[in-house]
1. Quote the convex hull volume per residue of the stretch 66-105, based on C-alpha atoms, as a whole number of Å³.
2. Express the relative contact order of the stretch 206-350 as a whole percentage, based on alpha carbon pairs under 8 Å and six or more residues apart in sequence.
3. Using modelled amide H (1.01 Å from N, peptide plane; none on Pro or chain starts), what sits under 5 Å from the amide H of Leu106, excluding residues fewer than 5 places away?
4. Can you compute the equivalent ellipsoid semi-axes for the stretch 28-132, i.e. the square root of 5 times each eigenvalue of the Cα gyration tensor, sorted largest first and rounded to whole Å?
5. Can you list the HN-Hα couplings for the stretch 203-214, worked out from phi with the Karplus curve (6.51, -1.76, 1.60; θ = phi - 60°), rounded to whole Hz and with x for Gly and Pro?
6. Using the heavy atoms of the protein chains and a 1.4 angstrom probe, tell me the accessible area per residue for the stretch 202-350 in square angstrom.
7. Search the structure for amide H atoms under 5 Å from the amide H of Ser170, placed 1.01 Å from N in the peptide plane, and list their residues when 5 or more places away or on another chain.
8. Under the rule of at least 5 residues apart or a separate chain, name every residue whose amide H is placed under 5 Å from the amide H of Leu330.
Amino acid sequence: MIKRIAIFALAMVAISCGDNKKKEETKAKPEAKEQVVNVYTHRHYPADQDIFAKFEKETGIKVNVVNAKADELIQKMIQEGEHSPADVLITADAGRLVRAEDKDLLQPIVSEEILKIVPANLKDEDNKWVALTKRARVMAYAKDRVKLEELSTYQDLTSDKWNKKVLVRSSNNIYNQSLLASIIANEGDEKAKAWAEGMVKNMARNPKGNDRDQVKAVVNGEGDVAIVNTYYIGKLLNSKKPEEVKAGEGVAIFFPNQETTGTHINISGAGVVKHAPNKENAEKFIAYLISKDAQEVFAKANYEYPVNPEVQPSELLQSWGEFKEDALPLSKLGENNKKAVIIFDEAKWK
């Protein structure tokens with residue numbers, strides 16, 4: 001009897017020890033880490049939110065967004081240093097991406113999936129950023145006052161025939177800085193300065209407002225031709241405001257410099273942040289943004305040109321026809337940004 005009791009007691013101890021071991025193993029096993037990607041973005045379009053939501057659904061990776069102006073985001077990352085939670089930086093201009101790179105805020109992208117899709121001139125030579133979408137900086141001209149054959153190049157807008165007829169936004173606008181930076185890269189400092197001075201002479205008014213405001217001013221008769229980004233025309237034509245639709249319908253699009261360097265191209269682009277805590281997710285995210293599905297949304301909903309060669313532009317953009325793009329490496333826009341700002345100041349471009 002005593003022997004049976006002893007055997008039973010030993011069995012109970014063994015069971016108890018086994019249960020305790022299982023509990024300890026359960027406690028020791030770490031909980032699965034939530035998969036996230038932290039995105040610092042200058043873009044502010046509803047289409048982007050739709051794309052982010054689709055990425056979350058397809059991958060299970062939660063997208064946390066911090067939205068602000070590009071320079072503010074760059075300064076924020078500088079202040080946060082190696083403890084920055086940012087994984088991806090998205091800006092609406094190549095010049096800002098170069099600025100982030102110059103401040104050592106980005107790291108090389110290694111994903112072959114990304115690098116093989118984006119053309120060489122639309123990414124950094126060290127692969128620290130890539131384009132997501134393209135915008136062409138074109139001329140929007142008054143259909144009733146300007147003949148198509150009168151238009152040719154950005155440089156021709158400085159000729160006497162356009163005296164007091166040109167509309168363009170201020171020199172502190174990054175789109176204009178990048179346009180001038182491209183002229184510096186293609187033609188040199190002196191010709192760039194001559195262009196800026198000639199543009200100031202031919203301005204219909206002091207620069208004010210955004211690209212949409214320049215188009216509205218053309219339609220209102222304040223000037224005959226404006227320099228604008230293509231996607232703003234798409235926004236006007238598809239606006240819920242009748243006055244904006246009227247403005248979009250009142251102008252036609254002309255792609256400058258088709259016989260020379262080609263029309264100036266700028267981008268929205270993205271880079272992986274140097275101290276990204278979720279680098280793998282960051283590259284998955286960027287790869288998704290240049291995938292066919294996402295590129296089609298960018299093209300149709302936001303009237304931007306896709307960087308993925310397998311995706312066609314929207315019907316509206318196709319209706320404007322094909323055109324020769326300036327093939328200048330976009331890193332040159334950032335490299336010449338400081339010169340552009342100085343030349344604008346010397347030319348008294350407000």
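1. Values: hull volume 2.5 nm³, N = 40.
Output value, Cα hull per residue: 63 Å³.
2. On the way: 121 pairs, mean separation 29.4, N = 145.
Answer for the stretch 206-350 is 20 percent.
3. Lys274
4. 23, 18, 16
5. With coefficients 6.51, -1.76 and 1.60, one gets 5, 6, 7, 5, x, 7, x, 9, 4, 4, 5, 5 Hz.
6. 43 Å²
7. Lys208
8. Those qualifying (amide H under 5 Å, at least 5 residues apart or on another chain) are Lys123.
The values are calculated or read from the model by the stated rules, or taken from the named source; none is laboratory data. What you see is a predicted model; the values in this text were computed from it and never measured. Using ideal geometry, Cβ is built from the backbone for each residue, glycine included, and neighbour counts are taken over all protein chains shown. Side chains are part of the model used for accessible areas, which takes the heavy atoms of the whole protein and leaves out ligands, DNA and RNA. Shrake-Rupley method; radii C 1.70, N 1.55, O 1.52, S 1.80 Å.
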